[in-house]
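The next block holds one structure in the form of structure tokens; read it before the comments.
The values are calculated or read from the model by the stated rules, or taken from the named source; none is laboratory data. As the structure is a prediction and not an experimental result, all values here were calculated from the model. Every residue, glycine among them, receives a Cβ derived from its backbone with ideal geometry; neighbour counts consider all protein chains shown.
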Amino acid sequence: MTKPQLLAAGIALLFSASAFAQNSGDLRGSVHDKDGKPVVSAFVIAEDSHSAVIRAASTNETGQFEIASLPVGEYLLQVTADGHAKLEVHDIRLNIGNVVSLDLVLGSDQAKAVEHAAQADANIESANSQLGVVMDAIAVSKLPLKARDTYELLQLQPGVESTVGANLFYGSSQPGVVSVSGGRARSNDYNVNGAHAAELFVNAPSIQPSPDTIHEFRVISHNYDAELGRNSASVLNVETKTGTDSFHGTVYDFLRNDALNARGYFDPEKNAFRQNEFGGTFGGPIRKNQTFFFSSYEGRRLTMGVTSPVVSLPTAQERSGDFSQGPAFAGTLTDATVAQVLNSRPGCAAAVASAGGAPIAANASYASIFPGNKIPSQCFDATAADLLSTVPLPNFGTDGFRASAISNQRQDQGTFRIDHSFSSQQKLAAYYYIADGYALNPFSTFQGDGASIPGFGDQTDSRFQQLSLSHSWAVTAKATNEARLA
């Protein structure tokens, strides 16, 4: 290798030493003649059908071979050996974390061998004990997504239950926060192109590429390998698209509104709804058969009416300090500092005395200080009184309140990926993701944000970025571990 290649490989290994262990697959198999005898030193070539990336291996003394850490995609397999006709196997699909095992026979009916190889079932893991489901680019791009959140498709997998609407904890409203086979929704491991892609607060997914950029993703629910053992629940691996030997691009714009919507049963009025998602992708070669790029942009603009839950608010009588309709005050003023603060408020002590209350002092009961459950307005804290003036009056029953308000969301997302093959055995990939967002929520259900009444919501600005480098370097050699390949 040249010095620049060594430097690039070193940087890649420093940033993501095990990335390709999570977003690649292995191709294994055996080569025999029509009499069942192993073919030794047969030359096996796997070529990516879209980017012309080539990897090779040769069979060992038992006729077996292995090509490890292949990028996901469709491959053409060619097998050549002295004294035998060349065999080509088309459309071999390699998924994330998948091991495809093939039994190839030279000198027999080629069409039969191709059919046998092409029918290898990616859902059956014959080489390991992992249980997982793969969704490819066709499923991701064709299945309906109401908000183009790819992680909504997780709910189509066996044993996956969404937590959206449960409000169990902060961030549980995100589509990617799911419970897999009863596991904690906070305990999933999210990966994009082999790099960890969750935020640190509640382990919710922070990197969510647009559906048009995803090549495939896989959910591993049980018995995953030790290299994936970061969290205790499921493992989600996302592999994004790469450029090919030809230029390709897409442009899209999706619109939704409330023109045909009905009023929700519990909503006081039909809520507003306007959603616009737009963007595009573009990718292709920088250098034929060697360097490729893929880029994308997506924007989202959402205006949506939100109905609050029923919230208990003070009545007009209680706002004036009259709590006579409730039970008698209980408890004792035990803190001398609190007593001092109340006495320092202008007119508070005099108003209490004129109402027949006991002097404001430590160890006096609240019922004796405020007889009849009535607190003079002179004893109110000025800041609290001003804040209370912005709280609306009950409109649902005697003390309940419910309202509809408008929420606004904006997000701009951009991605760029470049793949370079130094040789048929060595590949370097770089991926950059950035998303800027703004959200105005009129109501908040998280205690640290606000409350579910107008004027007490939350505004959030967010930015997520990820830069990942992945290096794959496989050495061509004869397979020697017969037990592993059998």
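Residues that are assigned to a strand (DSSP E or B) and closer than 14 Å to LEU94 by Cα within the stretch 57-74 comprise GLU66, ILE67, ALA68, SER69, LEU70, PRO71, GLY73, GLU74, listed in sequence order.
Are any residues in the stretch 38-56 touching a residue at least 24 places away in the same chain (Cβ under 8 Å) and outside any strand (DSSP E or B), and if so, which ones?
VAL39, SER41, ALA42, SER49, HIS50, SER51, ALA52, VAL53
Taken over the stretch 299-317, the criterion of being touching an Asp or Glu at 6+ places or on another chain (Cβ under 7 Å) and surrounded by 14 or more Cβ atoms within 10 Å (Cβ to Cβ) is satisfied by GLY299, ARG300, THR307, LEU313, THR315.
From the list GLN174, GLN155, exactly one residue is surrounded by 15 or more Cβ atoms within 10 Å (Cβ to Cβ), modelled with pLDDT under 80 and within 25 Å of the chain's Cα centre (by Cα). Which is it?
Values: GLN155 fails: surrounded by 15 or more Cβ atoms within 10 Å (Cβ to Cβ).
None of the others qualify; the one that does is GLN174.
Check the stretch 401-418 and report whether any residue there is part of a loop (DSSP other than H, G, I, E, B), surrounded by 15 or more Cβ atoms within 10 Å (Cβ to Cβ), at pLDDT below 90 and not small (Gly, Ala, Ser). Yes. A single member of ALA429, ALA382 is hydrophobic (A, V, I, L, M, F, W, C), over 19 Å from ASN193 (Cα atoms) and at pLDDT 90 or above, and it is ALA382. Against the criterion of being under 23 Å from GLN413 (Cα atoms) and surrounded by 15 or more Cβ atoms within 10 Å (Cβ to Cβ), THR281 qualifies. For the stretch 67-74, the count of residues that are polar (S, T, N, Q), at pLDDT 75 or above and in contact with a Phe, Trp or Tyr (Cβ under 7 Å, 6 or more places away or on another chain) is nonzero. Inspect all residues belonging to the stretch 260-275 and state whether any of them is among the hydroxyl-bearing types (Ser, Thr, Tyr) and in contact with a helix residue (DSSP H, G or I) (Cβ under 9 Å, 6 or more places away or on another chain). Within the stretch 260-275, none of the residues are among the hydroxyl-bearing types (Ser, Thr, Tyr) and in contact with a helix residue (DSSP H, G or I) (Cβ under 9 Å, 6 or more places away or on another chain). Screening VAL306 with (1) in a loop (DSSP other than H, G, I, E, B); (2) at pLDDT below 90 gives one miss only, at (1).
Within the stretch 460-471, can one find any residue that is modelled with pLDDT of 75 or more, within 30 Å of ALA42 (Cα to Cα) and not β-branched (Val, Ile, Thr)? Give the derivation first.
In the first step, residues of the stretch 460-471 are kept if they are modelled with pLDDT of 75 or more; the result is 460-471.
Then drop every residue that is not within 30 Å of ALA42 (Cα to Cα), which leaves 471.
Going one step further and asking which of them are not β-branched (Val, Ile, Thr), we end up with 471.
Scanning the stretch 460-471 turns up at least one residue that is modelled with pLDDT of 75 or more, within 30 Å of ALA42 (Cα to Cα) and not β-branched (Val, Ile, Thr).
Residues in the stretch 52-63 that are touching an Asp or Glu at 6+ places or on another chain (Cβ under 8 Å) and surrounded by fewer than 23 Cβ atoms within 10 Å (Cβ to Cβ): ALA52, VAL53, ILE54, ASN60, THR62. Considering the stretch 355-400 alone, what residues qualify as being closer than 19 Å to SER308 by Cα and part of a loop (DSSP other than H, G, I, E, B)? Across the stretch 355-400, the qualifying residues are THR390, VAL391, PRO392, LEU393, PRO394, ASN395, GLY397, THR398, ASP399. Scan the stretch 286-319 for residues that are at negative phi and either out of contact with any Lys or Arg (no Cβ under 9 Å at 6 or more places or on another chain) or aliphatic (A, V, I, L, M) (or both) and the total you get is 19. Selection of the stretch 246-272 for residues being within 28 Å of THR415 (Cβ to Cβ) and of a type in the set (A, V, I, L, M, F, W, C) yields PHE247, VAL251, PHE254, LEU255.
Restricting attention to the stretch 271-285, which residues are in contact with a strand residue (DSSP E or B) (Cβ under 6 Å, 6 or more places away or on another chain) and either among the hydrophobic types (A, V, I, L, M, F, W, C) or more than 19 Å from PHE443 (Cα to Cα) (or both)?
Here is the first cut: in the stretch 271-285, the residues in contact with a strand residue (DSSP E or B) (Cβ under 6 Å, 6 or more places away or on another chain) are 271-283, 285.
Selection gives ALA272, PHE273, GLN275, ASN276, GLU277, PHE278, GLY279, GLY280, THR281, PHE282, GLY283, PRO285.
Conditions tested, residue by residue: (1) surrounded by 14 or more Cβ atoms within 10 Å (Cβ to Cβ); (2) in contact with a Cys (Cβ under 7 Å, 6 or more places away or on another chain).
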| residue | (1), (2) |
| --- | --- |
| ARG319 | yes, no |
| PHE329 | yes, no |
| ARG345 | yes, yes |
| SER365 | yes, no |
| SER368 | yes, no |
| ASP386 | no, no |
| SER389 | no, no |
| GLY397 | no, no |
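Considering only residues that are of a type in the set (A, V, I, L, M, F, W, C) and crowded, with 16+ Cβ neighbours inside 10 Å, look in the stretch 370-384 and name the one that is nearest to GLY331 (Cα to Cα). The selected residue is PHE370.
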